[in-house]
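Participant: Sharing a structure with you now.
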Amino acid sequence: MFINQLLSSETQLELSLLRTLFMNRSWLTTVELQQCCRKSRNTIIKYCDLLKENAKNITAHDLIQHENGRGYFFNGDKEDYQAMLISIVHKSLSFDLLQQLLLKNKISLNEFANEHYADPMTIRRMLKKFNKHTKHIDLSFHINKGIIHITGSEPAIRFFTYIFFWYIYRGTVWPFNDLSEEQISTFINQTFSRYGNINDIITHQWSYILAINVIRDSIGCRISMKMLPDFSEELVRFLFGSSSPFDGDKFMQKLNKIHNFSRDEFIYFLLLLLTSVRFYTVKDVYSRMLYFHQNTNSQINEKLKLIISSFPEFNQTTTENQELAISLLMSSLLKSILFPNYTVPISGYDYQEYLDDNFPFLKKEMEKRLKGLQKKDDFFTSSHDYLLLRMVEMYTLLGDPVDFNPKIILQLETDLPITIEKLLKSYLLSLFGPFYRLSIFSTLGSDKTIIPDLIITSTKTKNQTDRGIPIIYISPNLTNNDLKELTAAFNNLIDGKKAS
């Protein structure tokens, strides 16, 4: 997440160490932490000591443990991790500068510097760093007559504000002191629970979004129709009219009890709802939305048809999955039009690294299809990174994420009863099938011409035939060590197939 890059290098290192310890859930030596964070031994020791000091403010028990010879260990749960993350971020000067600018839009350079006992030149260097990382999303930070302010389109500033606060707090803190969390969360929960289940996370997330809209509008940073797609007003009138299950007029009346929004702001907020796939599960929303785009042949309909034409798998799946895929496309295309250049949804999740680690072949195939679309329409070039991830999501609805992986052929050689061997085969497929394209066969009754990539056996005989094929010895009960060895072996095979 590029928000990390806006923080100081010291804060980034603390967060990196914390995340590494939390994700590994095991003792890590100083050398291992050096390899993960690419810092010197003394730097690692220094910042681990800072983590230990921070941890003392979070809870009475020792969250960051240290033992000579063993290294460091995070002795906490997800809540402890989130509390430590917030504690570290709150010490960051760059975080507070961003937070104040996003909520106030402009602040005095000298007042902020004096408040934090900082040199104004330090603040200027910080703003230069911000501009380096926010240039690609068309946001910039400037100083004019001693006043720091943000420039960029209001939708872009708001989108950045949504993901900034959600990324830091994830609903664990209410950072909007002038607004009532209870009033806003109650409104969100009561309004949307009428149309389906709404969990606590969605309530918190949409409460943040509504609060930010209220704050930005209150300080005079308003949304106008010229900032929105041409079809916005017509779409909202059709989709949220009084005959719709989602009565827009009643919704606006309730919303205005929290804040007196203009019609333009209200239309913008309803469009925000439509950037979420979940909202398309509300009765009639999907069918009305699709009808509108098809009937008006909107920009979204044009792009939607082009994308679907690049997925021959679309016509081979269930109607339910087709509707989900179209909902995903309609919401994603609207988000791309509203907030161009952003690679993440409002939740801020960016799983590029996850795809690179787990489904690189699927990502590569979707990149090839996206390049084909780019030859037909420049729109797909400007929204490349975001739409690539959405196309990956779409394929998981239509096929299997491992469809484009090289096949790994496994041979089972066991002395187990045949029924137990079949159970073992099923177990291996259920554990590893979601991440690897596996084909498993046993020796008896199989085609002799099949050459396996790997042999899995439960017994090590005295004079096992050497066929030049890797062998993994496992327990019939599949221990954790067995799973680790198999994972390593599968990854080695994949790397070899990549190279060839």
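The values are calculated or read from the model by the stated rules, or taken from the named source; none is laboratory data. Everything numeric in this text was worked out from a predicted model, so none of it was measured. Because the Cβ atoms are built from the backbone with ideal geometry, glycine has one as well, and the counts that use them run over all protein chains shown.
Participant: Keeping to segment 269-310, report how many residues are hydroxyl-bearing (Ser, Thr, Tyr) and more than 23 Å from the chain's Cα centre (by Cα). It would help to see each step written out before you state the result.
Facilitator: Initially, segment 269-310 is screened for residues hydroxyl-bearing (Ser, Thr, Tyr), giving 275-276, 280-281, 286-287, 291, 296, 298, 309-310.
Imposing the further condition that a residue be more than 23 Å from the chain's Cα centre (by Cα) reduces the set to 286-287, 291, 296, 298, 309-310.
Total satisfying the criteria: 7.
Participant: With respect to the numbered conditions (1) modelled with pLDDT of 90 or more; (2) within 24 Å of GLU323 (Cα to Cα), which one is the sole condition not fulfilled by VAL344?
Facilitator: Only one criterion in (1) modelled with pLDDT of 90 or more; (2) within 24 Å of GLU323 (Cα to Cα) is unmet by VAL344, namely (1).
Participant: Starting from residues that are in contact with a helix residue (DSSP H, G or I) (Cβ under 8 Å, 6 or more places away or on another chain) and among the polar types (S, T, N, Q), keep the ones in segment 54-98 and report whichever is surrounded by the fewest Cβ atoms within 10 Å (Cβ to Cβ).
Facilitator: Looking at residues that are in contact with a helix residue (DSSP H, G or I) (Cβ under 8 Å, 6 or more places away or on another chain) and among the polar types (S, T, N, Q), I get ASN57.
Participant: Something else about it: Six or more apart or on different chains, Cβ under 6 Å: which pairs go from a residue in segment 262-278 that's under 14 Å from SER327 (Cα atoms) to one that's of a type outside the set (Ser, Thr, Tyr)? Could you list them?
Facilitator: Pairs found: LEU273/PHE279; LEU274/LEU334; THR275/LEU334; THR275/LYS335; VAL277/LEU328.
Participant: Mind checking which residues of segment 129-155 are part of a strand (DSSP E or B) and within 20 Å of ASN110 (Cβ to Cβ)? If you could, list the steps in order and put the result at the bottom.
Facilitator: So in segment 129-155, the residues part of a strand (DSSP E or B) come out as 140-144, 147-151.
Correct list: PHE141, HIS142, ILE143, ASN144, ILE147, ILE148, HIS149, ILE150.
Participant: Specify which of the listed residues (ILE168, ILE219, ILE202, ILE184) is within 23 Å of MET252 (Cβ to Cβ) and surrounded by 20 or more Cβ atoms within 10 Å (Cβ to Cβ). Before the answer, list the steps.
Facilitator: On the way: ILE168 fails: within 23 Å of MET252 (Cβ to Cβ); ILE219 fails: surrounded by 20 or more Cβ atoms within 10 Å (Cβ to Cβ); ILE202 fails: surrounded by 20 or more Cβ atoms within 10 Å (Cβ to Cβ).
Only one candidate qualifies: ILE184.
Participant: What number goes with the only condition from (1) at pLDDT below 90; (2) in contact with a Ser or Thr (Cβ under 9 Å, 6 or more places away or on another chain); (3) of a type in the set (Gly, Ala, Ser) that SER185 does not pass?
Facilitator: (1)
Participant: A further question follows. How many residues does segment 27-41 contain that are without any contact (Cβ under 8 Å) to a residue 24 or more places away in the chain and in a loop (DSSP other than H, G, I, E, B)?
Facilitator: Count: 2.
Participant: Six or more apart or on different chains, Cβ atoms under 7 Å: show the pairs whose first residue is in segment 365-380 and over 15 Å from MET394 (Cβ atoms) and whose second is of a type in the set (Val, Ile, Thr).
Facilitator: GLN374/THR381
Participant: When you scan segment 45-53, do you find a residue that is within 27 Å of the chain's Cα centre (by Cα), surrounded by 15 or more Cβ atoms within 10 Å (Cβ to Cβ) and of a type outside the set (Ser, Thr, Tyr), even just one? Show your work before the answer.
Facilitator: Pass one, segment 45-53, residues within 27 Å of the chain's Cα centre (by Cα): 51.
Within this subset, residues satisfying the condition of being surrounded by 15 or more Cβ atoms within 10 Å (Cβ to Cβ) are 51.
Those left that are additionally of a type outside the set (Ser, Thr, Tyr): 51.
Looking through segment 45-53, at least one residue is within 27 Å of the chain's Cα centre (by Cα), surrounded by 15 or more Cβ atoms within 10 Å (Cβ to Cβ) and of a type outside the set (Ser, Thr, Tyr).
Participant: Let me ask another. Could you tell me which residue of segment 162-198 is farthest from LEU210 (Cα to Cα), considering only residues that are assigned to a loop (DSSP other than H, G, I, E, B) and hydroxyl-bearing (Ser, Thr, Tyr)?
Facilitator: First pass over segment 162-198, keeping only residues assigned to a loop (DSSP other than H, G, I, E, B): 170-180, 193-198.
With hydroxyl-bearing (Ser, Thr, Tyr) added as a condition, the list becomes 172, 180, 193, 195.
On the way: THR172: 16, SER180: 11, SER193: 16, TYR195: 18 Å.
That would be TYR195.
Participant: Still on this structure, I have one more. Name the residues in segment 138-163 that are surrounded by fewer than 19 Cβ atoms within 10 Å (Cβ to Cβ) and hydrophobic (A, V, I, L, M, F, W, C), would you?
Facilitator: Keep residues of segment 138-163 that are surrounded by fewer than 19 Cβ atoms within 10 Å (Cβ to Cβ), which gives 138, 140, 142-147, 149, 151-155.
Hits for segment 138-163 are ILE143, ILE147.
Participant: To continue, here is another question. Name the pairs whose Cβ atoms lie under 7 Å apart, with the first residue in segment 5-19 and in contact (Cβ under 8 Å) with a residue 12 or more places away in the chain and farther than 10 Å from LEU85 by Cβ, the second surrounded by fewer than 21 Cβ atoms within 10 Å (Cβ to Cβ) and of a type in the set (D, E, K, R), and 6 or more positions between them or separate chains?
Facilitator: Partner pairs satisfying both residue conditions: LEU13/LYS39.
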